[in-house]
Amino acid sequence: MNILNKINSSNDIKMLDTSDLKPLCNELRQFIIENVSKTGGHLASNLGAVELTVALHRVYDSSRDRIVFDVGHQSYAHKIITGRRDCFNTLRCHGGISGFPKPYEAVDDSFIAGHASDSVSVALGMARARTLKHENYDVVAVIGDGALTGGLAYEGLANVGGCDEPIVIILNDNGMSINSNVGGMAKLLSRERIKPGYINFKRWYRRTVGQITPVYEMNHKLKEALKKSILPSNLFDSMGIYYLGPVDGHDVEQLETVIRWAKEMRTTVLVHVISTKGKGCEYAEKHPDKYHGVGKFNPVTGELQKSGTSFSAVFGKKLVELSQKNKNIVAITAAMSSGTGLNDFSEKYPERFFDVGIAEQHAVSMAAGMAKQGLVPVVAIYSSFLQRAYDMLIHDVSLLNLHIVFCVDRAGLVGSDGETHHGVFDVDYLGSVPGMTILCPSSFAELEQMLDTAINEMDGPVAIRYPRGGEGTYKAVSCGNTETLANGSDITLAAYGTMINTMLELSDWLAKDGISAEVIKISQIKPLITDDIITSLNKTKRLLTAEDVCEHGCIGNEILTIAEEAGVSLEGSMICSLGDGIVTHGSVSELYKDCCLDPGSLYKKAVMLVRGVK
């Protein structure tokens with residue numbers, strides 16, 4: 001790492017000779033592979049953006065200029081370059097640096113990232129602030145072609161086009177998001193990729209004829225008039241955005257030249273960069289989807305650490321089984337077929353599988369149209385991403401009480417991806433949707449049963465929320481909306497989902513201390529049927545609930561309200577949740593401890609409730 005060890009800022013990058021740039025990119029790639037193999041993270045996307053990142057830092061000063069990364073899956077080289085090389089081994093670890101841009105981490109991270117398609121809108125806001133405040137800095141949006149499947153990207157592009165704000169938009173086009181890109185934009189960009197060395201001619205033209213200002217201006221006007229009358233314009237031209245490209249995304253010198261040119265034009269410019277996801281790493285290049293987001297792996301062979309069966313996999317397998325009998329079932333996802341366990345379904349029933357790209361709002365509205373015409377859509381989306389379609393859940397689904405099954409993956413804390421990816425708000429926002437039924441399986445077997453019931457026996461919108469990863473010690477199937485798993489007289493412990501495992505462990509700890517705990521598992525949190533809970537509270541007079549969701553809208557508060565209305569006189573209660581829901585990154589067990597949802601913390605709270613001592 002002879003060159004990389006000298007790089008601590010954008011200014012250090014600028015001091016390098018051009019002959020050092022290619023070796024630097026090689027060192028960056030090796031450094032990323034070595035570290036991500038130990039911590040896990042987003043590999044292929046970051047490897048594909050190394051040269052682009054180096055070129056950006058050659059042109060811009062990230063401590064002053066604003067480089068807005070879309071999603072943030074391509075920000076590792078940026079973090080390494082801007083002073084975080086020596087702590088990069090803590091990537092995504094508890095107390096370490098985040099896997100996404102975070103302004104609180106460094107001034108070079110201009111904006112938070114984690115969800116797709118917002119970079120152009122954010123960049124335009126920053127540019128307009130610059131103009132209104134008469135400040136002097138440049139604004140760049142770095143967006144991938146996958147993010148262009150999201151509608152917000154087009155809202156931003158439509159507004160930025162022709163607005164005369166100097167902004168450079170870097171379109172990093174690698175033909176992938178997580179799964180291969182779908183839709184019309186993917187086809188349009190594939191046509192742009194086959195154009196010959198147009199950009200090289202433009203460089204020569206500007207360098208020679210551009211020196212003679214009157215001739216250049218006359219020729220430029222003539223050229224633009226001819227282009228508009230003869231050549232079909234691309235989407236960006238039509239939006240009033242000056243298009244440059246395509247450019248080789250792995251040629252640092254060419255990238256630097258074109259980006260510098262775009263900056264100097266002082267208008268809205270889109271630079272179309274063609275890159276290879278996983279570049280420089282054979283196994284990541286061959287299987288970019290497999291190495292998009294990874295756990296620990298062998299950096300030499302690429303062999304991934306094996307993980308056990310997950311709720312996602314169980315869901316996917318059961319859906320295939322149910323679809324053999326019910327021909328009306330269709331599956332919809334938003335660029336997450338592998339992550340949500342739908343790969344087998346897509347292969348078995350390709351005509352009934354719909355990947356809409358990073359377009360959760362469209363996914364829900366399309367599902368509504370399907371349901372209205374008699375199909376049974378099963379929409380599998382991560383909890384954190386489904387919140388983007390909140391309006392559609394109410395307007396397009398709830399008002400007509402349409403039968404759609406939402407399989408809400410990654411519910412609760414997800415671990416190392418942090419606050420932008422934790423699924424901690426869905427109980428609140430799904431609970432506010434009129435007519436929505438919310439089911440919370442605690443085991444694989446329960447997920448299978450709930451999916452069958454939701455599809456074949458229920459009406460209206462149904463959400464089944466389940467966590468990332470596998471099941472715990474509880475592997476049974478509950479009968480009814482609530483079930484008493486352990487009888488007790490001193491305190492009622494209530495929970496749903498896999499949090500019931502913590503409550504069962506807590507019950508055992510309390511029993512050893514002479515405290516008798518009644519454990520109630522809730523399978524359906526909306527509508528919440530509280531008869532068993534009220535009966536228990538009349539006996540124990542004390543309540544402790546534990547939920548890995550935000551406090552607002554949590555079930556514990558609803559239980560307290562119902563108990564008060566039922567005239568239950570409680571001697572004490574503790575509603576344990578994640579507070580405002582903003583939780584950092586780290587392993588789930590570490591985060592539970594931080595948020596006092598681990599067995600040890602809950603034990604202290606339960607003892608205090610029963611005995612009045614800490």
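The values are calculated or read from the model by the stated rules, or taken from the named source; none is laboratory data. Since we're looking at a predicted model, the values are computed, not measured. In this analysis, Cβ positions are derived from the backbone assuming ideal geometry, glycine residues included, and neighbour counts consider all displayed protein chains. Only protein heavy atoms, including side chains, enter the accessible area calculation; ligands, DNA and RNA are left aside. Shrake-Rupley method; radii C 1.70, N 1.55, O 1.52, S 1.80 Å.
Okay, here's what the table says:
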quantity: Options Met608, Met499: the member that is at pLDDT 95 or above and over 35 Å from the mean Cα position of the chain (by Cα); calculated: Met608
quantity: Residue in segment 459-472 that is in contact with a strand residue (DSSP E or B) (Cβ under 8 Å, 6 or more places away or on another chain), outside any strand (DSSP E or B) and without any contact (Cβ under 8 Å) to a residue 40 or more places away in the chain present; calculated: no
quantity: Flag if Ser312 is in a loop (DSSP other than H, G, I, E, B) and either touching a residue at least 40 places away in the same chain (Cβ under 8 Å) or open to solvent by 10 Å² or more (accessible area, probe 1.4 Å) (or both); calculated: no
quantity: Filtered residues of segment 63-77 (kept if closer than 15 Å to Arg92 by Cα and touching a Pro at 6+ places or on another chain (Cβ under 9 Å)); calculated: Gly72, Ser75
quantity: Filter result (open to solvent by 20 Å² or more (accessible area, probe 1.4 Å), outside any loop (DSSP other than H, G, I, E, B) and either out of contact with any strand residue (DSSP E or B) (no Cβ under 8 Å at 6 or more places or on another chain) or not charged (D, E, K, R) (or both)) within segment 49-71; calculated: Arg58
quantity: Only listed residue being within 31 Å of the chain's Cα centre (by Cα) and open to solvent by 30 Å² or more (accessible area, probe 1.4 Å), chosen from Asp598, Asp548, Asp594, Asp531; calculated: Asp594
quantity: Residue satisfying condition, being open to solvent by less than 40 Å² (accessible area, probe 1.4 Å), in contact with a strand residue (DSSP E or B) (Cβ under 9 Å, 6 or more places away or on another chain) and free of Cβ contacts under 8 Å to residues at least 40 places away in the same chain, within set Ile555, Ile520; calculated: Ile520
quantity: Subset tally (residues that are part of a helix (DSSP H, G or I) and in contact with a Lys or Arg (Cβ under 8 Å, 6 or more places away or on another chain)) for segment 22-48; calculated: 8
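This table checks each residue for (1) at pLDDT below 90; (2) within 30 Å of Ala363 (Cβ to Cβ); (3) touching an Asp or Glu at 6+ places or on another chain (Cβ under 7 Å); (4) surrounded by 18 or more Cβ atoms within 10 Å (Cβ to Cβ).
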site	(1), (2), (3), (4)
Ser190	yes, yes, no, no
Pro196	yes, no, no, no
Phe201	yes, no, no, no
Trp204	yes, no, no, no
Val215	yes, no, no, no
Leu222	yes, no, no, no
Leu231	yes, no, no, no
Tyr242	no, no, no, no
Lys279	no, no, yes, yes
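Residue-by-condition table, conditions (1) on the phi > 0 side of the Ramachandran plot; (2) in contact (Cβ under 8 Å) with a residue 60 or more places away in the chain; (3) part of a helix (DSSP H, G or I); (4) crowded, with 20+ Cβ neighbours inside 10 Å:
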| site | (1), (2), (3), (4) |
| --- | --- |
| Val364 | no, no, yes, yes |
| Met370 | no, no, yes, no |
| Gly374 | yes, no, no, no |
| Val397 | no, yes, yes, yes |
